[in-house]
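These notes concern the structure reproduced below.
The values are calculated or read from the model by the stated rules, or taken from the named source; none is laboratory data. The model shown is predicted, which means the values in this text are computed figures rather than measured ones. Note: ideal-geometry Cβ built from the backbone for every residue, glycine included; neighbour counts use all protein chains shown. We work out accessible area using only protein heavy atoms, side chains counted, and drop any ligands, DNA or RNA first. Shrake-Rupley method; radii C 1.70, N 1.55, O 1.52, S 1.80 Å.
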Amino acid sequence: MSHIWDELDAYRGKLFTGQWPTIAQLFLIAVEKYPTNRCFTCFTPNRQTLTYIETYQRILRVSGYLQERGLKPGDRVVLNGKNSPAWAIAYLAVQFAGGVIVPLDNHMHPDRVMALSAFSEASFLFADADVLEHLDGNDPWIKQVKNSMVCLLGTPPEGVPSWESLSPNKTYPPVPRTEDDLAAILYTSGTTGNEKGVMLTHRNIISDVYQAADGIFLRVTEKDVLYALLPLHHSYCCTAVLLETIKHGAECVFGQGIVVSKMINDLKRGHVTVFMGIPLLYNKVLSGMMKEVRKKGIFAYGFVRLCMTIGGTLKLITGKNPFRPLFNKLLLSKIGLDHNHYCICGAGPLAPHVFKQYQQLGLDFIQGYGLTETSPIVTLNPVSHFKITSVGRVLPLDQVIIGEPNEHGIGEIRVKGPNVTQGYYKDEEHTKELFDQDGYLRTGDLGYMDSESYVYLKGRAKNLIVTEGGKNVYPEEIEDMFQLYPEIQQILIRGYQEKKDVPSESIEAVIFPSPELKNPARIDAIIREVNAKLSGYKKISKVTILDKPMEMTTTQKIKRNLVS
């Protein structure tokens, strides 16, 4: 059976050796194949686009600067900025210079930026002006690297050069690295604890890029336009958008944060064909579209829903939705998705009824599952054979088992494969805990797998609720049922001990309402609607309304451990 990575045979021994190229070598392959293709684009506000050869020239300049200033192979470089071509060029330049990239959350508190940078023993810092301005000049690490800081976006502070002004005295060739060398240290944002530095090699990252691009999952070509909306410091967007773009010689449009008006502008002007988001974003977009249809009256709404039902059925049978042109005109063109070939969802499961409605609109929707420790993708739901309730089929080079399954086949999802991390940076204790006795990575996620290697996610093991009757309740399943209620901005389902002398849990909903909530009684009505669909032991018996939002990670997951 042929796979997309077979194409690497033409470059093995020429541009790289071994099984997989490095990240820098991946870009060199793209430059050789697609030198004049559009590479990076942003709208700020005018369109700015670099071709692959133009991007390469800038990468070499920044890489040369790093080498001239003494960066050695394996040295760590911190990267902290908003999504932009400058961010991507710095990322790639570090790889060309033989360094290890350490991307940090652009919204991270300056104290954490300095602490994690020092912990990583980083010798250079690339950051936006607003980050640099808030760093403590008396911090020991800042004092150490004050002459090794470069500004990405904004007006640089005094004494700090802009990345565009870097000018080495000569051209430096790429520093030789192998697939087994460390490429990145990614700090998990974590919903339950402190950050851990996930160490990823070039093999980890590049094998994941190629597996996700295998024909059964995602058919992207050099003519596609991908959209980097989610934070690039997160492995999800970096692998599935930035590096997938490069692998295919396609174009990457850089978003300006999750602001719907800016997103729609980018999608329209960029003619984006591959859009990647998170459940919260897709829920908002779908809710907004349906709201606009309802405004047109009951007959228009009924007609659209009928077309969606018929179109979705025909899509399942024939692979095509004949109403897609109609939906393009009525709905999708309004939000810039009329050029779309694929919508990709990750960083959390999308509720099946939401997934189904996007399919009914004629959009090919790809659900995925993974974690930072797996670079990050483990499964994808192929368009040609998708299963609405599944988070996808296991990638071809990965092995997934269900550890210690219960009577329903539900247990911990465990993974082996070329994309699996070697462990956490300077953290032997947590690295040992990460793997079972057979070398499988313990994801901490509960689920089951069918005979075709499709994975079905139930929730996090740490979040499991055990009721009085010994029944298991997965809070994420209940939370998913609230995804299309616009009156609720955030919801967290958790267990609470209703009877002090009974060591079991009942179900509590912690809710932060949205501005759309006009009548507080509506919350009670929503709880009744959801409870009517739940088995007795899953019903919500306690509701807590918050007056301020719960803290979230950059991929919009609630930090459960911080909710009191």
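List the aspartates and glutamates whose alpha-carbon lies under 12 Å from that of LYS14, not counting same-chain residues fewer than 8 positions away? The qualifying aspartates and glutamates are GLU32. Ligands, DNA and RNA aside, ILE488 has an accessible area near 20 Å² when probed at 1.4 Å.
Pairs LYS320/LYS387; LYS320/LYS356; LYS291/LYS542; LYS284/LYS557: which are spaced more than 19 Å apart, C-alpha to C-alpha? Could you put the intermediate results ahead of the total?
Values: LYS320/LYS387 16 Å; LYS320/LYS356 15 Å; LYS291/LYS542 30 Å; LYS284/LYS557 15 Å.
As for pairs spanning more than 19 Å Cα to Cα, those are LYS291/LYS542.
How do GLU551, GLU479 stack up against each other in accessible area, from largest to smallest, with a 1.4 angstrom probe?
On the way: GLU551 100, GLU479 30 Å².
Solvent-accessible surface, decreasing: GLU551, GLU479.
Here region 302-357 and region 133-198 have alpha carbon centers that stand 42 Å from each other. Taking a ≥ b ≥ c as the square roots of the eigenvalues of the alpha-carbon gyration tensor, region 425-465 is classed oblate because a/c is 1.5 or more while a/b is no larger than b/c. One chain, two ends: LYS72 and GLN437. Fully extended at 0.36 nm per residue, the span grows by 127.8 nm beyond their Cα-Cα distance. Accessible surface for LYS334 stands near 120 Å², nearest 10, in the context of the full protein assembly shown (1.4 Å probe).
Where Lys and Arg each count +1 and Asp and Glu each count -1, what net charge lies around GLY362 among other residues with Cβ under 9 Å from its Cβ? Surrounding charge for GLY362 is +2.
Quick one: compute the contact order of the chain, relative version, from alpha carbon pairs under 8 angstrom and 6+ residues apart, as a percent. Can you show the working numbers first?
On the way: 1107 pairs, mean separation 63.4, N = 564.
Once divided by the residue count of the chain, the mean separation gives 11 percent.
Exactly which chymotrypsin sites (Phe, Trp or Tyr not before Pro) in region 403-489 are in a DSSP loop and have at most 15 other Cβ atoms within 10 Å? Kindly include the intermediate steps, with their values, before the conclusion.
Working: sites: TYR424, TYR425, PHE435, TYR440, TYR448, TYR454, TYR456, PHE482; in loops: TYR425, TYR440, PHE482.
Answer in residue order: no site qualifies.
Rolling a 1.4 Å probe over the protein chains gives SER2 an accessible area of about 90 Å².
Per-residue ellipticity at 222 nm computed for the chain from its helices equals -8500 deg cm²/dmol, with DSSP H segments shorter than 4 residues left out and the rest contributing -39,500 (n - 2.57).
First obtain the Kirkwood hydrodynamic radius of region 407-534 from its Cα pairs, then insert it into the Stokes-Einstein equation at 37 °C and 0.692 mPa s, and state the resulting D in µm² per second as a whole number. Mind showing how you got there, number by number?
Values: Rh = 17.5 Å.
In µm²/s, the coefficient is 187.
Solvent-accessible area assigned to carbon and sulfur over the chain amounts to 52 percent, based on a 1.4 Å probe. Scanning residues 5 or more positions from CYS39 or on other chains, those with amide H under 5 Å from its amide H are LEU50, THR51, TYR52, with H placed 1.01 Å from N in the peptide plane.
So what is the accessible area of region 287-337 per residue, in Å², with the probe set to 1.4 Å? Intermediate results must be reported in sequence, preceding the final value.
Details: 3110 Å² over 51 residues.
With the other protein chains kept in place, region 287-337 gives 61 Å² per residue.
Just to be sure I understand: if I project the alpha-carbon convex hull of region 241-353 onto a plane and average over all orientations, what area do I get in nm²?
Details: hull surface 32.1 nm².
Here the figure is 8.0 nm², rounded to one decimal.
Grab the eigenvalues of the alpha-carbon gyration tensor for the chain, scale each by 5, take roots, and send me the semi-axes largest first in whole angstrom.
On the way: eigenvalues 292, 158, 122 Å².
Gyration-tensor ellipsoid for the chain: 38, 28, 25 Å.
Remark: the Cα gyration tensor places region 1-102 in the oblate category, a/c being 1.5 or greater and a/b not exceeding b/c. The orientation-averaged projected area of the convex hull spanned by the Cα atoms of region 371-430 comes to 5.4 nm².
On average, how much area does the Cα convex hull of region 503-564 cover when viewed from any direction, in nm²? Working shown, then result.
Details: hull surface 22.9 nm².
Orientation-averaged projected area of the Cα hull: 5.7 nm².
For region 154-277, what does the alpha-carbon gyration tensor say about shape, rounded, prolate or oblate, given a ≥ b ≥ c as the root eigenvalues, a/c under 1.5 as rounded, and a/b over b/c as prolate? Present the calculation step by step, with values, prior to reporting the outcome.
Working: a/c = 1.28, a/b = 1.10, b/c = 1.16.
Verdict is rounded for region 154-277.
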